[in-house]
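The structure appears right after this line, and notes come after that.
The values are calculated or read from the model by the stated rules, or taken from the named source; none is laboratory data. Given the structure is predicted, the values throughout are model-derived calculations rather than measurements. Neighbour counts are summed over all protein chains in view; Cβ atoms, including those assigned to glycine, are modelled from backbone coordinates with ideal geometry. Side chains are part of the model used for accessible areas, which takes the heavy atoms of the whole protein and leaves out ligands, DNA and RNA. Shrake-Rupley method; radii C 1.70, N 1.55, O 1.52, S 1.80 Å.
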Amino acid sequence: QVQLVESGGGLVPAGGSLRLSCAASGSIFSIDRMNWYRQAPGKQRELVAAITGDGTTNYADPVKGRFTISRDNAKNTVSLQMNSLKPEDTAVYYCYATLRPLYYSAPRDYWGQGTQVTVSS
């Protein structure tokens with residue numbers, strides 16, 4: 001079965017940096033889109049950054065200029081480099097992918113279990 005697994009979360013002081021990674025595993029033919037979402041307690045899940053199969057990126061306004069999303073198609077991974085972190089960045093960060101399983105023609109969506117990012121003031 002296809003799975004997404006996030007890693008790299010942790011506790012960091014304001015102004016610090018973290019790099020999150022998400023690895024897709026299983027019988028995968030190709031990955032169309034890979035996104036990062038986040039959800040803070042009591043708030044809705046929100047899109048943080050997105051990257052298409054051809055490398056086009058998009059960022060939410062609060063993270064523009066601070067976060068960078070990238071992907072490695074050969075490794076089926078997506079990363080999120082987070083710099084100049086702020087306390088309001090504290091949330092569980094989730095990896096999302098739209099991909100094509102090896103034995104299923106249509107694309108399907110998958111979510112990781114999330115990784116905690118905590119930024120202290």
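Details
- Cα gyration tensor of the chain - equivalent ellipsoid semi-axes, whole Å, descending: 26, 14, 12
- Ranked packing of 6-13, 78-85, 52-59, most packed first, by mean Cβ within 10 Å: 78-85, 6-13, 52-59
- Accessible carbon and sulfur surface of the chain relative to its total accessible area, %, 1.4 Å: 47
- Solvent exposure of the chain, expressed per residue, is 54 Å² of accessible area, with all protein chains present and a 1.4 angstrom probe.
- For region 52-114, a crude dipole built from +1 on the beta carbon of Lys and Arg and -1 on the beta carbon of Asp and Glu, taken about the Cα centre, is about 140 debye to the nearest 20.
- Qualifying aspartates and glutamates (Cα of each under 19 Å from Cα of residue 75; at least 8 residues distant if same chain): 6, 32, 54, 109
- With the simple model of a label 7 Å out from the Cα in the direction of the Cβ, residue 27 to residue 105 spans 1.7 nm.
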